[in-house]
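The values are calculated or read from the model by the stated rules, or taken from the named source; none is laboratory data. A quick note: this is a predicted structure, and the numbers were derived from the prediction, not measured. Cβ placement follows ideal geometry from the backbone for every residue including glycine, while neighbour counts extend to all protein chains displayed. All accessible areas refer to the heavy atoms of the entire protein, side chains included, with ligands and DNA or RNA removed. Shrake-Rupley method; radii C 1.70, N 1.55, O 1.52, S 1.80 Å.
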Amino acid sequence: MTDLPTDLTRATAADLAGALASKTISSVEVTQAHLDRIAAVDGQVHSYLHVDGEGALAQARAVDARRQSGESLGALAGVPIAVKDVMTTKGLPTTCGSKILEGWIPPYDATVVTKLREAGLPILGKTNMDEFAMGSSTEHSAYGPSHNPWDLDRIPGGSGGGSSSVLASFQAPLATGTDTGGSIRQPAAVTATVGTKPTYGGVSRYGLVALASSLDQAGPCGRTVLDTALLHAVMGGHDPMDSTSIDAPVPPVVEAARAADVRGMRIGVVKELGGEGYQPGVRARFDESVALLEELGAEVVEVSCPNFEYALAAYYLILPSEASSNLAKFDAMRYGLRVLPEGVDAPSAEQVMAATRDAGFGPEVKRRIILGTYALSSGYYDAYYGSAQKVRALIAQDFAAAYARVDVLVSPTAPTTAFKLGDKLEDPMAMYLNDIATIPANLAGVPGMSIPSGLADEDGLPAGIQILAPATKDERLYSVGAALEAALVDRWGGPILDRAPELGGAAAAKGA
Amino acid sequence: MSTVTADAVMDYDEAMTKFDPVMGLEVHVELHTATKMFCGCPTEFGAAPNSQVCPVCLGLPGALPVVNEKAVESAIRIGLALNCEIAQWCRFARKNYFYPDMPKNFQTSQYDEPIAFEGYLDVELEDGSTYRVEIERAHMEEDTGKSLHIGGATGRIHGADHSLVDYNRAGIPLIEIVTKPMVGAGERAPEVAKAYVSALRDLLRALDVSDVKMEQGSMRCDANVSLRPRVGEPTSEEQLAVPLGTRTETKNVNSLRSVERAVRYEISRHAAILDGGGTILQETRHWHEDTGITTSGRVKSDAEDYRYFPEPDLVPVAPTRETVETLRGTLPEPPGLRRKRLQSDWGYSDLEMRDVLNAGAVELIEETVAAGASAAAAKKWWLGEPSRRANAEGQDIVTYAAGLGLTPAHIAELDGLVAAGRLNDSMARQVLDGVLGGEGTPTAVADARGLELVQDDGALEAAVDKVIAANPDVADKIRDGKVAAAGALIGQVMKEMKGQADAGKARELILAKLQ
Ligand SMILES: [Zn+2]
């Protein structure tokens, strides 16, 4: 078996799991190492909204005891994990990056969290995110942005920038994410980590605070394709509490990641994703990756998906529509923030609702609630929500036609590398364009993954390649991802994150 | 109490000479499934506030709904019983509006794809004629929580000092049954409204899908009323061609009597406004049970926009045709047909059947007859003392009898004792009194009280002889053929026998001895 690095936080989850299984190390040691790392660097990166050291260590002790008693445990038992703050955790704060949920302690665990606990993964804490997952940079978090470990002045992607920066700064070997339009894949791309958005319905949404119910999908985040597959297998599977959950076993993702074989696979390069607006360095790394896949035995063809052009517009009608309704429950009546209106003696329930929502929601959330409320209004519904649903059907047709010819599709994950904090905050359209390549998968419900493709020449920052597969064929992402990853790591002479700057010391001054 | 100024109303008969009423009724029925519409919480009525809740029905962040299959089955059965078509594929929709007793601030309901649509219910009126109520749709939705507004004059949210919310009711399955405009009823509109709600209640009870207790809110009625100018007979072509007037919707009319009164009141109120040259405001009205009037509620305007869209958290409901046909096979006999069949089986007159219906004793009599009693005896005993006492207690006969432990088997047993000649009528009344008093079964009461017709002919004959001897004048009259005079002697014989004799037998003996 692989020798573990002296610094346990540099190890992969797979290697930690192996060492834990052979009792070379204990879960308490691994968990403590990560808590120490968090204490050392999170002041600069600001990945976590809440760290639960005591809880994580208690879980670690429990799993160590179970192992000592000879119990047979899951593959990742004892490997600590960070959980995106959009998933409810019993007894742990869950804010979704919003002031309106400040102080709320959920009385129940999301199904994904239950699965993590049952599989014996100690939960280190909750990771930062754009408020209610609306954003591509974490700058819309009410608790301040997270920073990209590659350059602390830059964004770590969003909405799951907390989870991506946790991985890239070695504050956890694994993390959970949710992806409504790219919130797992785009943060992975700009931090040189790995993230998968499974098939819609492949991972339970029960306990995920909903942004857009028909688009939201929880998924695994890791530093390697195999680690991500191992976590995917733990998170996935049917949940009777989620009506939209697929009643079938998790696809064989771990087997696919271990086999890492693309020989004979047909890979389609999406013509519409990668032209104008894509940074040259991102484009160059993508082209090299495609060439590598060909060398590895895959057949590469160009595929056209003409309706992808309308994906962004449709997405920004469907998402705000569903979000405007999903976010109506935050009304100060039963939980979360309650603000009394100023200058009103005996405010009515309605006045308290209005004052609370005004104070508790940030500007991006308000923008989307207003957009969605408008799009669903009588007289506008057909033109907006109705048309968007038609586009959605057309995009699904594009995918179906493409998958009749190829096994998987590929594109750059995001058009650019990480931009500077504050650069796009005042320009929502520029921010939205970050997700142009990732959104079609959400509209069609198909699975997607981002893995690092290298560093862009012009800025030395990470770029990502996106792999897309047909619905329920998630294992194909791992076949392609693992094969390409192995070839790239070989070419780089080691994991790409080894090239990221050291945090601490001089870098600390640049931190938050 | 604030003073509510009553609006001007026109005399009902006068209103009918000038206007033609059109109604639309929306009835909400709470299903009595064991669990709620979208979660596993119990639905029992009367539990401690907020004791039957979970993340789903409290609308906690992250929680998701799962459809209660039983509720869907009930909805389909209701649709079938209302002669509706059942959708092959339909979705839930979100109805978005803010209110503190609605946990998610949207109600999961159905919008343009109801589970059942295009049906009818034939309603029998008091004169025996039938009115067909066209059903537009029956759809599934969830109930809201229940608000209690403390302080303030009206018991409504505006003006209250504070409000309490009980979410036990939130998420209880509801079926909303909506009629098409009910036209052609003319002056009988209020009666038709009441008869429809009553027939619907009977139907839902027979389906065993709801408690249908209007007083507990498990069945609630909203009554829409509009008037149009009267141009001919209510069902005439020219009258039906007149466009509908502006309607008002009177909310929460929660008893059969109130349905009739509220419709009648709104007709008179509309008539006064229209006759005075005014216009009707499209609005919701509150019904006041105590004063019998309605007052203005919310004005319905174009601004009221529920922003319906398909519920993305639920998959479509797509019952197979086999499922629908299987459910059709579980439908009970329609209440109207059943009543006719029972009346004919039992040989009751129309008047007798109406008495039984009014007493709510159909099922009790049916079970009593099944237990061996004659239909005539079953009616006589149930509608007698038990019914009188139930009325005095303000209870329905079924509840009252159940409370006392008086069963159809008891009544059948009592009838059996009379038929077997052990008890006469007056003794049977005493026995029933004992049963109602909790003394035990009819046989046990009769034994304990020593009630038994004397079967010893010697004792009876001795008594007859003694009475004849004591009344020679009467005896002579009978000998002369005045048989009617025997009555006087029978009474004395019964007295001699302390009531424990068979009056018929005494009469036979007297006549035999004197003729
Ligand atoms: Zn519940």
**Residue that is least open to solvent (accessible area, probe 1.4 Å), among those in the range B:1-46 that are closer than 29 Å to residue B:285 by Cβ and of a type in the set (Ser, Thr, Tyr)** = B:12
**Item:** Of all residues in the range B:96-138 being in contact with a His (Cβ under 9 Å, 6 or more places away or on another chain) and away from chain A (no Cβ under 14 Å), the one that is nearest to residue A:374 (Cα to Cα)
**Value:** B:110
**Asked** Yes or no: residue B:30 modelled with pLDDT of 95 or more and over 30 Å from residue A:102 (Cα atoms)?
**Response** yes
**Prompt:** Mind checking which residues of the range A:283-323 are among the aliphatic types (A, V, I, L, M), touching a strand residue (DSSP E or B) at 6+ places or on another chain (Cβ under 7 Å) and surrounded by 15 or more Cβ atoms within 10 Å (Cβ to Cβ)?
**Reply:** A:290, A:293, A:298, A:300, A:303
**Message:** Condition first: closer than 18 Å to residue A:331 by Cα and touching a Leu at 6+ places or on another chain (Cβ under 8 Å). Now tell me which residues in the range B:46-67 satisfy that.
**Reply:** B:56, B:61, B:62
**Request:** Can you work out which of the residues in the range A:94-105 that are touching a residue at least 40 places away in the same chain (Cβ under 8 Å) and within 12 Å of chain B (Cβ to nearest Cβ) is nearest to residue A:29 (Cα to Cα)?
**Result:** A:94
**Pairs, first free of Cβ contacts under 8 Å to residues at least 24 places away in the same chain in the range B:27-53, second assigned to a strand (DSSP E or B) and within 12 Å of the ligand (Cβ to nearest atom), C-beta under 7 Å, six or more apart** = B:42/B:35
**the range A:27-47 residues that are part of a helix (DSSP H, G or I), paired with ones that are open to solvent by 60 Å² or more (accessible area, probe 1.4 Å) (beta carbon under 6 Å, 6 or more apart)** = A:28/A:61; A:38/A:51
**Item:** Flag for residue A:392 being surrounded by 21 or more Cβ atoms within 10 Å (Cβ to Cβ) and in a helix (DSSP H, G or I)
**Value:** yes
**Item:** Among the candidates B:303, B:206, residue that is closer than 30 Å to residue A:326 by Cα and modelled with pLDDT under 95
**Value:** B:303
**Prompt:** Restricting the search to the range B:98-122, which residues are surrounded by 22 or more Cβ atoms within 10 Å (Cβ to Cβ) and of a type in the set (Val, Ile, Thr)?
**Reply:** B:115
**Asked** So which helices (runs of 4 or more DSSP H) stay within the range B:366-482 end to end and still have 3 or more residues that are among the acidic types (Asp, Glu)?
**Response** B:457-470
**Message:** Which of the strands (runs of 3 or more DSSP E) found entirely inside the range A:158-242 contain at least 1 residues meeting this: within 14 Å of another protein chain (Cβ to nearest Cβ) and within 17 Å of residue A:116 (Cα to Cα)?
**Reply:** A:174-178, A:218-222
**Request:** Could you check the range B:252-356 for helices (runs of 4 or more DSSP H) lying wholly inside it with 1 or more residues that are touching a residue at least 40 places away in the same chain (Cβ under 8 Å), more than 21 Å from the chain's Cα centre (by Cα) and farther than 23 Å from residue B:209 by Cα?
**Result:** B:256-275
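Could you say whether any residue in the range B:300-317 is among the β-branched types (Val, Ile, Thr) and more than 14 Å from every other protein chain (Cβ to nearest Cβ)?
no
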**Sole residue being within 16 Å of the ligand (Cβ to nearest atom), open to solvent by 10 Å² or more (accessible area, probe 1.4 Å) and in the same structural domain as residue B:168 (by TED's automatic domain parsing), chosen from B:49, B:61** = B:49
**Request:** Give the residues of the range B:34-46 that are more than 9 Å from the ligand (Cβ to nearest atom) and within 14 Å of chain A (Cβ to nearest Cβ), sorted by residue number.
**Result:** B:37
**Message:** When the residues of the range A:371-387 are narrowed to those that are without any contact (Cβ under 8 Å) to a residue 40 or more places away in the chain and out of contact with any Asp or Glu (no Cβ under 7 Å at 6 or more places or on another chain), which ends up farthest from the other protein chains (Cβ to nearest Cβ)?
**Reply:** A:383
**Request:** Inspect all residues belonging to the range B:71-83 and state whether any of them is within 11 Å of chain A (Cβ to nearest Cβ) and within 15 Å of the ligand (Cβ to nearest atom).
**Result:** no
**Fill in**
Taking the range B:465-510 and keeping only residues that are open to solvent by 30 Å² or more (accessible area, probe 1.4 Å) and of a type in the set (A, V, I, L, M, F, W, C), one is left with B:469, B:470, B:474, B:483, B:484, B:488, B:494, B:503, B:509
**Message:** Let me confirm something: among A:55, A:74, which residue is more than 10 Å from chain B (Cβ to nearest Cβ) and part of a loop (DSSP other than H, G, I, E, B)?
**Reply:** A:74
**Asked** Do you know which of the residues in the range B:184-207 that are of a type outside the set (A, V, I, L, M, F, W, C) and more than 13 Å from the chain's Cα centre (by Cα) is most open to solvent (accessible area, probe 1.4 Å)?
**Response** B:187
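Per-residue answers, yes or no, for (1) under 30 Å from residue A:270 (Cβ atoms); (2) aliphatic (A, V, I, L, M); (3) open to solvent by less than 10 Å² (accessible area, probe 1.4 Å):
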residue	(1), (2), (3)
A:347	no, no, no
A:365	no, yes, yes
A:371	yes, yes, no
A:375	yes, yes, yes
A:388	yes, yes, yes
A:403	yes, no, no
A:426	no, no, no
A:438	yes, no, yes
**Request:** Kindly indicate the residue of the range B:386-445 that is of a type in the set (D, E, K, R) and farther than 24 Å from residue B:503 by Cβ and also most open to solvent (accessible area, probe 1.4 Å) among those meeting that condition.
**Result:** B:388
**Cβ-Cβ under 8 Å pairs, at least 6 apart or on other chains, the range A:339-364 side more than 29 Å from residue A:135 (Cα to Cα) and more than 12 Å from every other protein chain (Cβ to nearest Cβ), far side open to solvent by less than 40 Å² (accessible area, probe 1.4 Å) and not in a loop (DSSP other than H, G, I, E, B)** = A:342/A:355
**Fill in**
Only one of (1) in contact (Cβ under 8 Å) with a residue 60 or more places away in the chain; (2) over 19 Å from the mean Cα position of the chain (by Cα); (3) open to solvent by less than 10 Å² (accessible area, probe 1.4 Å) does not apply to residue A:442, and that is (2)
**Asked** Considering only the range B:173-183, how many residues are open to solvent by 10 Å² or more (accessible area, probe 1.4 Å) and within 16 Å of the ligand (Cβ to nearest atom)?
**Response** 0
**Message:** Being surrounded by 12 or more Cβ atoms within 10 Å (Cβ to Cβ) and in the same structural domain as residue B:369 (by TED's automatic domain parsing) is the requirement here; does residue B:451 meet it?
**Reply:** no
